[in-house]
1. Is the range 305-364 rounded, prolate or oblate when judged by the Cα gyration tensor, a ≥ b ≥ c being the square roots of its eigenvalues, rounded requiring a/c under 1.5 and prolate requiring a/b larger than b/c?
2. Rounded, prolate or oblate: which one fits the range 398-445, using the alpha carbon gyration tensor with axes a ≥ b ≥ c (rounded when a/c is under 1.5, else prolate when a/b beats b/c, else oblate)?
3. How many percent of the accessible area of the range 55-148 is carbon or sulfur, using a 1.4 Å probe?
4. As a quick test, which of the pairs Lys312/Lys440; Lys191/Lys245; Lys191/Lys426; Lys245/Lys426; Lys131/Lys191 have an alpha carbon distance above 22 angstrom in this structure?
5. Work out the charge dipole of the range 304-411 with +1 on the Cβ of Lys and Arg and -1 on the Cβ of Asp and Glu about the Cα centre, then indicate which of Asn367, Ile377, Ile336 is farthest towards its positive end.
6. Given +1 on the Cβ of Lys and Arg, -1 on the Cβ of Asp and Glu, and no further charges, what dipole in debye does the range 298-391 carry about its Cα centre, rounded to the nearest 20?
7. Taking R0 as 41 Å, what FRET efficiency do you get between Arg54 and Leu436 from their Cβ-Cβ distance, rounded to the nearest 0.05?
8. Run the paramagnetic zone check for Gln161: 7 angstrom along Cα to Cβ, then residues of the range 178-219 with backbone nitrogen under 16 Å.
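The values are calculated or read from the model by the stated rules, or taken from the named source; none is laboratory data. Please read all numbers here as calculations on a predicted model, not as lab measurements. Glycine also receives a Cβ, built like all others from the backbone with ideal geometry; neighbour counts cover every protein chain displayed. We work out accessible area using only protein heavy atoms, side chains counted, and drop any ligands, DNA or RNA first. Shrake-Rupley method; radii C 1.70, N 1.55, O 1.52, S 1.80 Å.
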Amino acid sequence: DGYGRSGVCGVRGVLRSAHAAVHPPGEQQAGGRRVITLTSEWSQNNLVGGSRLRYMQQWTLLVDHRNDHNTLQTILPPGPCAPLQGELLCGFSPVRGLRAVIRETAASRQVLEIWDSHGLRKGLDLTALNKHGRVYDDAQFGCLSWSECERRLLYVAERTQSSSPESPGKSPCGKDRSVYREDWGEGFTSKSLPVLCVVELETGDVRVLRGIPPQVSPGQALWAPGSHAVLFVGWSHEPFRLGLKFCSNRRLSPDGATLVYLQGRVFGPHNQCVSLRQPKHTAHSVNYRGSAGFGQDSILSLIGRIGNQDVKDVQRAMVTALQSDATLDPARLAVIGGSHGGFLACHLVGQYPDVYRACAARNPVINAATLLGTSDIVDWRYSSVGLQYSYDQIPTAEALTIMLETSPITHAAQIQAPVLLMLGAKDKRVSPHQGLELYKVLKSRDSPV
């Protein structure tokens, strides 16, 4: 295109979402012609700046609408791309196609903007209003939903002392830094007490919705038909919070039209996987029993057998691959995995020290017994080894022994392969001290780590 694209970004943008608005809404223009504005959102890597860009582009389509049939007549040239700097959330109104945006400014303030075809129509400084804390922009809790009348917007934010609907002026997570503040675990360390918030666009008023049980954290909210009520997903945070990342069992469908309920056992298995990947080499991602892909019976078969069944499945898969492909070199096998995959990787190099020549483990579970008091999914620590869990559980010597016996640390003395440990200093799911346990054992034996 004459601008040396490869020196700027190297690859064309990837479509993230699109929205079409018909003008005029609900009726036809003279001659049966309709004008459709197609608004698309794209993302693109900026290799020079080392960042990921987001931008918007619009197309205008002229459509002939006769006898309930649409015929595309003309596509007008698109306008220039517009960067979406600082956008946290956005949503289009159902009738007029107004675009609502919650944006973070350079001064770390959060503002709400309403845009129409002529430009910025309304703006509110949510931070200055001080009705709530930070707006949630994640996929677990976050939302930005228009009412049918297009006069209200619904979103989720962190509760503050001033925004507590049940006890105004009082909050269990106030500004006293000496008071412990629970969070929702790995990936959600800044989120503790979400509240549903409504903006009245005509007046600019913001209010926190009342009536939600105090033990429930709401998220993924949208207006019910008629916009007289609100639907949302609620997570109980009593007696304490368990991690949500990779552990959610009910969500709204992407279009917000359907509540999807994935029924599963309380304190049952979460997502686990092992991935054996290395660029420019043959890679095998092993779907061991208990991972995804073989149904509920397969998943439940792993309960009480971690560190044994899953390890043998991966090893059996590797032996089968070597037997079926003569080009593979059994003297150059490496294993890599993260979290439970790291647990398996460290088990493999410990249980089969003569097989693997290298190991890379990201945030691996090394000692399930010592992980018990630091993980955000303490329920899985019990369930995975076949023990029942309840919130008032107190560790016993028997339970800790079972957890220890299933752990890679028991085979650490047999490890011969060099081990690369990649540890997240703030990981809530698997503490970095897990990897450091293995590090110290290997260093004491002069094993490369």
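1. Prolate, since a/c reaches 1.5 and a/b exceeds b/c.
2. oblate
3. 52
4. Over 22 Å apart, Cα to Cα: Lys312/Lys440.
5. Farthest along the dipole direction, towards plus: Ile336.
6. 80
7. Calculated transfer efficiency: 0.60.
8. Hits in the range 178-219 for Gln161 at 16 Å: 178-181.
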